Amino acid sequence: MGPRSRERRAGAVQNTNDSSALSKSSLAARGYVHDTFAALLVPGTARRAPLIHRGYYVRARAVRHCVRAFLERTCAAPGAPRGQVVSLGAGSDSLYFRLKSAGRLAGAAVWEVDFPDVARRKAERIRDMPKLRALTGPFQSGDPASPLCFESPDYRILGLDLRQLPQLDRALAAAGLDAASPTLLLAEAVLTYLEPDDAAALITWAARRFPNALFVVYEQMRPHDAFGQFMLQHFRQLNSPLHGLDRFPDLEAQRHRFLQAGWTACSAMDMNGFYRCLVPAEERGRMESLEPFDEFEEWHLKCAHYFILAASRGDALSQTLVFPSSDAFPRVDPAAPSGVFPAMVVTSDSQGPNLKRYGHTSVLLSSGIILSAGGFGEQEGRHCRISKFHLLSRYCDTEWKGNQICGWGTGAQWDGRLYHTMTRLSDTQVLVLGGRLSPVTPALGILQLHFCKNENNSTENLSVTVTKAGPEEDSTLSRWRHSTIEVSYENQKYLFVYGGRSVVEPVLSDWHFLHVGTMAWVRIPVEGEAPEGRHSHSACSWQGGALIAGGLGASEEPLSSVLFLKPISCGFLWESIVIQPPITPRYSHTAHVLNGKLLLVGGVWIHSSSIPGVTVIDLTTGLSSEYQIDTVCVPWPLMLHNHTSVLLPEEQQLLLLGGGGNCFSFGTYFNPHTVTLDLSSLSARRNLRP
């Protein structure tokens, strides 16, 4: 890379600091963290989305945890040597001021290093802010030719390039850093912006230079799955690509990286593990209630792609328990794959409008006709709640064509809801229950969709009429992320509505029966232990009852339970299906029953670093097996959450429609194509049994 390219790349990396500083300021303004200094260190303001707030919250908690562990270990004892905090790539962070105002720097000092322009800008900001100067005490501004931009008794700001280690070493020593004293080196989203060789040199230099030190790193990982690929693409577009993730893609590789560089001990956690293990339940509850929120998939995926690591040298710091043992957040890895389901694209742009949306619902109207409605996606060149219906029609054995149609009605129209359910009543009628317009606005009323074909019986000019089918004030359906499935009782058809969430309740555990013929809610006795509340689970009809699998529970943790609402003479009975080997807890998946087997497709899980494929559960024996999805013939990435799926049992195929999400600060991703999975290997395995 030439000098000009390196300068442009450095400028792009500096811009990430400005965006991060605004996010941290917004975080404090909304009450996620107590930080009165973040807004003083960055010009301007920005209101970030709740998903961004959550991501920066867990980052702030993780860094705070490590800094406090270091200070409590090194500065608590009387007569202990002065602790040193060296923040590499500190940017506009307010760490020094938070520590100083909390009285945590009585036996410690802070050194910050960043690009010269960033360091000088921060020093000027401090000099201009009386509230900040009051904490630093007497200070001096460095000589313009010196890397030292700001100096007070316990605070130094240096403008240096971290790739120039000899200059870094000399400047830190000249600024009073004692290599023999206990030292915390903090690299918060820094190393990954360096070329791998430069990052390796920095890690090795720190191990050799500081015999009694803790090196704390927060950055990205897991580049190979769909979310990781989209994350990499985002940073490439910013001209600040993430480096080294191919070499160090996971926690084990990162630990090995530091141990090989001379650090004597190393532990690391992804942010899901940190949040579950090291943020107290009461604090999690406080944070989760600060803002309306309904982007759980992207929250968990973001946390799965960032980690916090602490590497140590020296006897004293090697005994510092920064993170608990790995047993504190148990892994539940899926079993070794039993096979592969090949995936292929079944639609393309030349075959009509694609289904670029998520949070929608799809239903098989009749053989070869699939309706999808609602959700959030692309429509007329913008991202919005979708108002048009999407029809996918098969016009020969293997070819499908997409078509968008508008709905109309007298006194009713499609309201752009998402996370609703749709149930096919006939070839021309569909019932829509629940859903939301926003995290604080439920979609009201039951909608009925009526489809009318043209004289040629073609779907090209199909019309849709939207009518209301129930009272708008019906609070039973003031919910979303629920399930609706058909069950039978006394030879009558009912729709079993279960779980979900609402404006008032983050998780619902109730259920209701809707009589299809009269469209009236009825009471049917249900025996057995009621399952814990959940949303974003799956539901399938089976043997006149309902199979409920997975979901997200009250603590925002995925569930692994599979339950059967079993028909009995006096109503129904809840039964739990025992599964061996145990399956990985998941949610935001889809499910189908095929030849006595329950198929759980895609979804999100946090207890394993593997990519969710298809879990197959034999409903007779309870035995589970795992199948990977072969995406060689499918454009990558393919995000299998917030998607829908339609089973074609005669063809032994499963169509995957839509999916994706708002991927943290990286942008919104929609799966661009409808994909089919070939399930024929399941039947082949059954036929091979003796």
Quick one: how many residues across segment 546-576 are under 26 Å from the mean Cα position of the chain (by Cα) and not in a strand (DSSP E or B)?
9
Hey, E282 assigned to a helix (DSSP H, G or I) and either more than 16 Å from Y218 (Cα to Cα) or touching a residue at least 40 places away in the same chain (Cβ under 8 Å) (or both) or not
yes
Please work out which residue is most open to solvent (accessible area, probe 1.4 Å), limiting yourself to segment 548-566 and to residues that are modelled with pLDDT of 95 or more and among the small types (G, A, S).
S560
Output the number of residues of segment 26-43 satisfying the condition of being closer than 21 Å to M271 by Cβ and either of a type in the set (S, T, Y) or surrounded by fewer than 22 Cβ atoms within 10 Å (Cβ to Cβ) (or both).
8
Single unsatisfied condition, T347 versus (1) touching a Phe, Trp or Tyr at 6+ places or on another chain (Cβ under 7 Å); (2) open to solvent by 20 Å² or more (accessible area, probe 1.4 Å); (3) outside any strand (DSSP E or B); (4) at pLDDT below 95
(2)
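Here's the yes/no breakdown for (1) under 28 Å from A328 (Cβ atoms); (2) open to solvent by 20 Å² or more (accessible area, probe 1.4 Å):
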{"residue": "H243", "(1), (2)": "no, yes"}
{"residue": "P249", "(1), (2)": "yes, yes"}
{"residue": "A265", "(1), (2)": "yes, yes"}
{"residue": "N272", "(1), (2)": "yes, no"}
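Take the residues of segment 509-547 that are of a type outside the set (S, T, Y), touching a Lys or Arg at 6+ places or on another chain (Cβ under 6 Å) and modelled with pLDDT of 95 or more: which is farthest from H643 (Cα to Cα)? So that I can check it myself, show each step before the final result.
Our first condition is that a residue be of a type outside the set (S, T, Y); within segment 509-547, this holds for 510-517, 519-535, 537, 539-540, 542-547.
Filter again for touching a Lys or Arg at 6+ places or on another chain (Cβ under 6 Å), leaving 516, 535, 545.
Okay, now just the ones that are also modelled with pLDDT of 95 or more, so 535, 545.
Numbers: H535: 15, G545: 24 Å.
Across segment 509-547, the extreme among qualifying residues is G545.
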With respect to A46, determine if the residue is in contact (Cβ under 8 Å) with a residue 24 or more places away in the chain, within 21 Å of the chain's Cα centre (by Cα) and either within 20 Å of S312 (Cβ to Cβ) or surrounded by fewer than 22 Cβ atoms within 10 Å (Cβ to Cβ) (or both).
no
Of the residues that sit in segment 330-344 and are of a type outside the set (A, V, I, L, M) and open to solvent by 30 Å² or more (accessible area, probe 1.4 Å), which one is modelled with the lowest pLDDT?
P330
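Residues L309, L317, L321: which one is among the hydrophobic types (A, V, I, L, M, F, W, C), within 30 Å of T74 (Cα to Cα), modelled with pLDDT under 95 and surrounded by 15 or more Cβ atoms within 10 Å (Cβ to Cβ)? Working first, answer last.
Values: L309 fails: modelled with pLDDT under 95; L321 fails: surrounded by 15 or more Cβ atoms within 10 Å (Cβ to Cβ).
After applying the criteria, what remains is L317.
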I'd like to verify a number: residues in segment 163-202 that are open to solvent by 50 Å² or more (accessible area, probe 1.4 Å) and in contact (Cβ under 8 Å) with a residue 12 or more places away in the chain, how many?
6
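Within segment 350-377, restricting attention to residues that are open to solvent by 50 Å² or more (accessible area, probe 1.4 Å) and at pLDDT 90 or above, which residue is farthest from S483 (Cα to Cα)?
Among residues in segment 350-377 that are open to solvent by 50 Å² or more (accessible area, probe 1.4 Å) and at pLDDT 90 or above, the one farthest from S483 (Cα to Cα) is K356.
Would segment 204-218 turn up any residue that is in contact with an Asp or Glu (Cβ under 6 Å, 6 or more places away or on another chain) and within 18 Å of F666 (Cα to Cα)?
yes
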Quick check on my filter: what residues within segment 353-389 are charged (D, E, K, R) and more than 20 Å from the chain's Cα centre (by Cα)?
E378, E380, R382, R385, K388
Within segment 119-146, the residues that are of a type in the set (A, V, I, L, M) and in contact with a helix residue (DSSP H, G or I) (Cβ under 7 Å, 6 or more places away or on another chain) are I126, M129, L132, L135
Within segment 18-40, can you find the residues that are under 17 Å from V63 (Cβ atoms), of a type in the set (A, V, I, L, M) and touching a residue at least 40 places away in the same chain (Cβ under 8 Å)?
A21, A38
Condition check for E399: open to solvent by 30 Å² or more (accessible area, probe 1.4 Å) and either of a type in the set (V, I, T) or touching a residue at least 60 places away in the same chain (Cβ under 8 Å) (or both)
no
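The values are calculated or read from the model by the stated rules, or taken from the named source; none is laboratory data. Quick caveat: nothing in here was measured; it's all calculated off a predicted structure. Cβ sites come from the backbone with ideal geometry, for glycine too, and all protein chains shown count toward neighbours. Heavy atoms of the whole protein, side chains included, go into the accessibility calculation; ligands, DNA and RNA do not. Shrake-Rupley method; radii C 1.70, N 1.55, O 1.52, S 1.80 Å.
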